[in-house]
Amino acid sequence: MITKDEVNHIASIAKLKIKDDEISLFTEKFDQVMSFVQKIKEVDTENVEPTYKINDEDGFLKENGESQTLTREEVLRNTVDTQYGYFKILKVVE
Amino acid sequence: MDIAKLKAWEMREKLLKKEISSTEILKSHLEVIDSVEMDINAFITVDRENAMETAKLVDEKIARGESLGVLAGLPIGLKDNIMTKDLRTTCASKMLENFIPPFDATVVRNIRREDGIILGKTNLDEFAMGGSTETSYFGNTKNPKNLEVVPGGSSGGSAAAVAANEVAISLGSDTGGSVRQPASYCGIVGIKPTYGMVSRYGVMPMSNSLDQVGQFGRDVRDAYLMLKGVSGFDPLDGTSSHKSGVNFELENASLKGLKIALPIEYRDLRVTGDEKIREVFDNTVKLFEREGAIIQYVSLPHLKYALETYYIISTAEVSTNLSRLDGIRYGYRTENYETLDELYTMSRTEAFGEEAKRRIMMGTYALSAGYQDEHYKKALKVRTLIKNDYDKTFEDHDVILSLTSPILPFPFDSIINSPVDMYKADLYTVPVNLAGLCAMSLPMGEVDGLPVGMQITGNRFQESKIIRAGYAFEKVVK
Amino acid sequence: MGYKTLIGLEIHVELMTKKKIFCNCKNEFGGEVNTHVCPVCLGLPGALPVMDKEALEFGIRAGIAFNSEIEKEVRTDRKNYFYPDLTKGYQISQADLPLCKGGHLDIEIEDGVKRINLERIHIEEDTGKQLHTEDGTSLLDFNRCGVPLIEIVTKPDINSAEEARLFLEKLRSTIKYIGISDVRMEEGSLRCDVNINVIHDEKKIKSRITEVKNLNSFRSAVKAIEYEEKRHKELLEKGENTDNETRRWDENLNETVIMRRKFGASDYRFANEGDLPAIKIEDTWLHEIKENLPELPHEKKVRFMVEYSLGHYEADVLTGSRELAAFFEEIYKHVNDSKLLSNWVMGDVLRRLKEEDMEIEALHVSPKDLADLILMVKDGKINNNTGKKVLRDMFESGKSPEIIVKEQGLIQISDEGALEEMVERILDANPQSIEDYKNGKDRAIGFLMGQIMKETKGKANPQMVNKMLLDKISLR
Ligand SMILES: [Mg+2]
Ligand SMILES: [Zn+2]
């Protein structure tokens, strides 16, 4: 059973906030889903290697590829605030 | 002649014979959009001006007698999670409501290279998470076959646009069935190619080890044409395969001697009580048999863990793939923040919808310290077992037949509130992504006036087998 | 036995590849703000990484140079955390399977050679840069984002600030040797974090590990270690202990100050980076990289000891940088006397470099000129002291020794007749000195020699004069 506290903890790692009036319902649905996936625990996976990549080809390396470098206008066009060619955010308290 | 009602390959033939022009093709589709889009809402953005310009350029090429690409003059819809340079790309999220990419996805470059006409960006479940296109920030897309039911999802807009003749062909993305299931619900053909067949560069990832760009067409040949136009090795995508690319004949395809596997697990699981759907499927199997196919029941014992495996792996990947959406370099930024933590948390909380948040949360949980081994790492191992089951099946079978979805297209607002039920509807499509296989959904009949799709699954890089089988089936039923 | 200090270092080195690690943007220090940026390094939706061949090769070179075991398959992981200088919400790094496992680097301490073992070397991407302005905003530049890094992690084998300094210097010179980085701490291409604690075996007490960041020179690393060593011991002596925390070195205060406390291990939620399928390192490629690697410092040192009959210490110093070693070898071709040569290089040349705080590359004096100078001394054309004077002139003017000697008329006087006449005259003028010498005051010879050198402006052949003085005094 997943608790509201756990949900809040996971939310803080994921940089999300579940509103107080939604937390009960969210936790309930979240718990449904998480208990649903617990079924895989019954599978015997001893001596089974994990599959990270589904086809059998090796990864490749890049060499002398075409540059995709953007203009500064393109780099900054979708952000809220800029200054002197930088992205700008309010100073953040560490 | 109503051009927009033709198949894409018919449009292309007439274009090459100069019976119609590229501009005429486009205009015909724009007329359809003008008359039905209000009801269907397949698009988030329609790009009339640029489409018209490209159509004219294609006509000029024809006039000059230049050779044309395989997609020449065809109006194409792109799921709005595929980046288009200088054209808004939203992923159906408030997060990217105003995002204008400075670059093209590789599939977009390929379409341009092949003289295709990008007509617009289609609706989807937010960040491709969902099976009904109901989680979109831009409203629901309706099913052209019946406006009361969902078009399926997450590529609901791309499927609906093709089914409603708003575009000739389209692209979606398929992580656990997001192309095949809406194809099934909208009564059209949808292909989920082998992992590595189509470049993922410039396609917003949902679950990067499962995602693949899929193709929609009103018939098998159209979907195949779309695949031909966008596949090929891409040096910008590290997961792109050197075996990528398709080129084979359809005309001589037949079902005779085709070795078909039917997983007994699907027979036994009985996900739905809908006997009518099963009946349609049984009749289809009989038809295959009549046409000379060899049907055998096989066992893939780990299929019954596919959904759980899928939801753990996909949400784990979702949680990290969506981390880049932090409100700093692009995307929605909250106005009220004083600390860095508030900047992140409030931007993400205000901009993501409920399903996106739930999956990010699930994935964060599955990856967090202490749970990682029993969830994420365990799921990766079960994935190996599922893959092994398939590998064994394909040793002596050509394709696997199944339903695409165990349920009919459902009314709006019906199962969206029950995530587990909605996830269960993906039972037939999800394992294909886990094993990186190719599969296609194509119409095989109707129940209560709603389309029912069949799924043909093939081994990795065996697109020719599933597409040829689908084509042969289509010829028989026509 | 008292306290023992345990120090482990984590060193990030920026690799000077042509391109960034996962995209084709230029890898260049400086440059206009946000102009070396593309969809990949900016973390735009859908942009995908592909690993750079040169970056991987540089990582492998480091592994070979530090005697590590190179992994056959390179796998990468996502290290998930949110920070403004990080564009994707995760850094592509390596978790369980680093590119290089183990390894070591030997340093010369007073008692001889000490081996510092490495835990691992892995490859990863650098982050962007954050600038805090006075008006309360932060400005972000992503030019550095995606620059390839290797992270070198040592075992806690270092036991003093001095050993840490020696290790860092050796590490830096080795990295320069293999040509994978310019290792400039001021420009941030070499960054070092220190993990430190102290233990007392008999008292069975130990302090908790402190991590010190923000060290931007070897000197501040040394000072921070010394500071922490003392702080840890003092706390234990008082019956207290340190906290598990991260501190930074404050240059102005000359002390470390707390940055943040560590609450358990950070939850980075490491996950496989599926966008980069595992890359096989073929034996042929590995072999090729090994073949093309320049001679490594420790190999060169051994060769210097054998080939030039040098001691441990001399060989170590002379192979301290590839350029210095090459300088030495070039002169040797002309001089053929390693003992004499190493005296000159280790003495006057290195002292000069140290005074001026410069590298051998910046020296005006060519190996050929220095060789000529040494030969002039060896052949007795000028004496040793004059030689040193000429060298100083060479440092300043860059002129060849022949020209300096000629311009200033410094050729040594070895003419027997002229010297004999002078010696007789000086002896006549200083009877007291003769007396003193005969009474056992050897210093008197020095005085007489000084008189002659004064008269000849130091050009007299000192061996000849010395012999003459002794001969003539004994006759008087
Ligand atoms: Mg690091
Ligand atoms: Zn870049």
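The values are calculated or read from the model by the stated rules, or taken from the named source; none is laboratory data. Everything quoted here is computed from the prediction, not taken from an experiment. Reconstructed Cβ throughout: ideal geometry from the backbone, glycine too, with neighbour counts over all protein chains shown.
If we scan region A:35-45, do we find a residue that is outside any helix (DSSP H, G or I), surrounded by 16 or more Cβ atoms within 10 Å (Cβ to Cβ) and not aromatic (Phe, Trp, Tyr)?
There is at least one residue in region A:35-45 that is outside any helix (DSSP H, G or I), surrounded by 16 or more Cβ atoms within 10 Å (Cβ to Cβ) and not aromatic (Phe, Trp, Tyr).
For the condition in the same structural domain as C:Asp193 (by TED's automatic domain parsing), within 19 Å of C:Cys38 (Cβ to Cβ) and surrounded by fewer than 22 Cβ atoms within 10 Å (Cβ to Cβ), what is the one hit in C:Lys129, C:Lys114, C:Lys155? First the steps, then the outcome.
Working: C:Lys114 fails: within 19 Å of C:Cys38 (Cβ to Cβ); C:Lys155 fails: within 19 Å of C:Cys38 (Cβ to Cβ).
Result: C:Lys129 is the single residue among C:Lys129, C:Lys114, C:Lys155 that is in the same structural domain as C:Asp193 (by TED's automatic domain parsing), within 19 Å of C:Cys38 (Cβ to Cβ) and surrounded by fewer than 22 Cβ atoms within 10 Å (Cβ to Cβ).
Looking only at region C:329-362, filter to residues that are without any contact (Cβ under 8 Å) to a residue 24 or more places away in the chain, within 19 Å of the chain's Cα centre (by Cα) and farther than 29 Å from C:Val465 by Cβ; which one of those is surrounded by the fewest Cβ atoms within 10 Å (Cβ to Cβ)?
In this case the residue turns out to be C:Asp357.
Which residues, taken from region C:254-306, are surrounded by 18 or more Cβ atoms within 10 Å (Cβ to Cβ), assigned to a strand (DSSP E or B) and among the hydrophobic types (A, V, I, L, M, F, W, C)?
Those that are surrounded by 18 or more Cβ atoms within 10 Å (Cβ to Cβ), assigned to a strand (DSSP E or B) and among the hydrophobic types (A, V, I, L, M, F, W, C): C:Ala271, C:Ile279.
Can you give me the number of residues within region C:112-158 that are within 16 Å of ligand 1 (Cβ to nearest atom), more than 14 Å from every other protein chain (Cβ to nearest Cβ) and basic (Lys, Arg)?
The total comes to 1.
Hey, among C:Thr87, C:Thr76, which residue is touching a Phe, Trp or Tyr at 6+ places or on another chain (Cβ under 7 Å), farther than 18 Å from C:Leu9 by Cα, in contact (Cβ under 8 Å) with a residue 24 or more places away in the chain and assigned by TED's automatic domain parsing to the domain that holds C:Gly43?
Details: C:Thr76 fails: touching a Phe, Trp or Tyr at 6+ places or on another chain (Cβ under 7 Å).
Selected residue: C:Thr87, the only one of C:Thr87, C:Thr76 that is touching a Phe, Trp or Tyr at 6+ places or on another chain (Cβ under 7 Å), farther than 18 Å from C:Leu9 by Cα, in contact (Cβ under 8 Å) with a residue 24 or more places away in the chain and assigned by TED's automatic domain parsing to the domain that holds C:Gly43.
In region A:28-40, is there at least one residue being aromatic (Phe, Trp, Tyr) and facing chain B (nearest Cβ under 7 Å)? Break it down stepwise before answering.
Looking only at region A:28-40, we keep the residues that are aromatic (Phe, Trp, Tyr), and these are A:30, A:36.
Imposing the further condition that a residue be facing chain B (nearest Cβ under 7 Å) reduces the set to A:30, A:36.
Yes, region A:28-40 has at least one match.
Quickly run through region A:49-72 and pick out the residues that are more than 7 Å from every other protein chain (Cβ to nearest Cβ) and within 16 Å of ligand 2 (Cβ to nearest atom).
A:Asn64, A:Thr71
Might you let me know whether region C:68-88 holds any residue that is of a type in the set (A, V, I, L, M, F, W, C) and closer than 16 Å to C:Ile150 by Cα? Full working, then the answer.
Pass one, region C:68-88, residues of a type in the set (A, V, I, L, M, F, W, C): C:70, C:74, C:82, C:86.
Checking which are closer than 16 Å to C:Ile150 by Cα leaves us with C:70, C:74.
Yes, because at least one residue in region C:68-88 is of a type in the set (A, V, I, L, M, F, W, C) and closer than 16 Å to C:Ile150 by Cα.
Can you tell which of B:Thr320, B:Thr315, B:Thr349 is at pLDDT 95 or above, part of a helix (DSSP H, G or I) and surrounded by fewer than 24 Cβ atoms within 10 Å (Cβ to Cβ)? Steps first, answer last, please.
On the way: B:Thr320 fails: surrounded by fewer than 24 Cβ atoms within 10 Å (Cβ to Cβ); B:Thr315 fails: surrounded by fewer than 24 Cβ atoms within 10 Å (Cβ to Cβ).
Answer to the selection: B:Thr349.
Within region C:234-284, how many residues turn out to be of a type in the set (Phe, Trp, Tyr) and touching a residue at least 40 places away in the same chain (Cβ under 8 Å)? Working first, answer last.
The initial filter retains those residues of region C:234-284 that are of a type in the set (Phe, Trp, Tyr), namely C:249, C:263, C:268, C:270.
Filter once more, so that each one left must be touching a residue at least 40 places away in the same chain (Cβ under 8 Å): C:268, C:270.
Residues meeting the conditions: 2.
Working carefully through the options C:Gly446, C:Gly458, C:Gly450, find the one that is within 30 Å of C:Val349 (Cβ to Cβ) and either outside any helix (DSSP H, G or I) or in the same structural domain as C:Tyr332 (by TED's automatic domain parsing) (or both). Break it down into steps so the answer makes sense when it comes.
Details: C:Gly446 fails: either outside any helix (DSSP H, G or I) or in the same structural domain as C:Tyr332 (by TED's automatic domain parsing) (or both); C:Gly450 fails: either outside any helix (DSSP H, G or I) or in the same structural domain as C:Tyr332 (by TED's automatic domain parsing) (or both).
Result: C:Gly458 is the single residue among C:Gly446, C:Gly458, C:Gly450 that is within 30 Å of C:Val349 (Cβ to Cβ) and either outside any helix (DSSP H, G or I) or in the same structural domain as C:Tyr332 (by TED's automatic domain parsing) (or both).
Among the residues of region A:1-27, write down those that are more than 10 Å from chain B (Cβ to nearest Cβ) and basic (Lys, Arg).
Of everything in region A:1-27, just one residue is more than 10 Å from chain B (Cβ to nearest Cβ) and basic (Lys, Arg), namely A:Lys4.
Which one is nearest to ligand 2 (Cβ to nearest atom), of the residues in region C:132-159 that are assigned to a strand (DSSP E or B) and under 30 Å from the mean Cα position of the chain (by Cα)?
Within region C:132-159, the match that is nearest to ligand 2 (Cβ to nearest atom) is C:Pro148.
Could you look through region B:189-243, keep only residues that are part of a strand (DSSP E or B) and within 14 Å of chain C (Cβ to nearest Cβ), and pick out the one that is surrounded by the fewest Cβ atoms within 10 Å (Cβ to Cβ)?
From region B:189-243, those part of a strand (DSSP E or B) are B:189-192, B:198, B:203, B:212-217, B:231; that's our starting set.
Adding the requirement that they be within 14 Å of chain C (Cβ to nearest Cβ) leaves B:198, B:203, B:212-213.
Numbers: B:Val198: 33, B:Val203: 29, B:Gln212: 26, B:Val213: 30.
Among residues in region B:189-243 that are part of a strand (DSSP E or B) and within 14 Å of chain C (Cβ to nearest Cβ), the one surrounded by the fewest Cβ atoms within 10 Å (Cβ to Cβ) is B:Gln212.
Of the residues that sit in region B:143-153 and are in contact (Cβ under 8 Å) with a residue 40 or more places away in the chain and surrounded by 24 or more Cβ atoms within 10 Å (Cβ to Cβ), which one is farthest from B:Gly187 (Cα to Cα)? Steps first, answer last, please.
First, the residues of region B:143-153 that are in contact (Cβ under 8 Å) with a residue 40 or more places away in the chain: B:143-152.
Now restrict to residues that are surrounded by 24 or more Cβ atoms within 10 Å (Cβ to Cβ): B:143, B:150-152.
Numbers: B:Asn143: 10, B:Val150: 12, B:Pro151: 10, B:Gly152: 11 Å.
Among those that are in contact (Cβ under 8 Å) with a residue 40 or more places away in the chain and surrounded by 24 or more Cβ atoms within 10 Å (Cβ to Cβ), it is B:Val150.
Does region B:99-112 contain at least one residue that is farther than 21 Å from A:Ser67 by Cβ, surrounded by fewer than 18 Cβ atoms within 10 Å (Cβ to Cβ) and in contact with a Gly (Cβ under 9 Å, 6 or more places away or on another chain)?
Among the residues of region B:99-112, not one is farther than 21 Å from A:Ser67 by Cβ, surrounded by fewer than 18 Cβ atoms within 10 Å (Cβ to Cβ) and in contact with a Gly (Cβ under 9 Å, 6 or more places away or on another chain), which makes the answer no.
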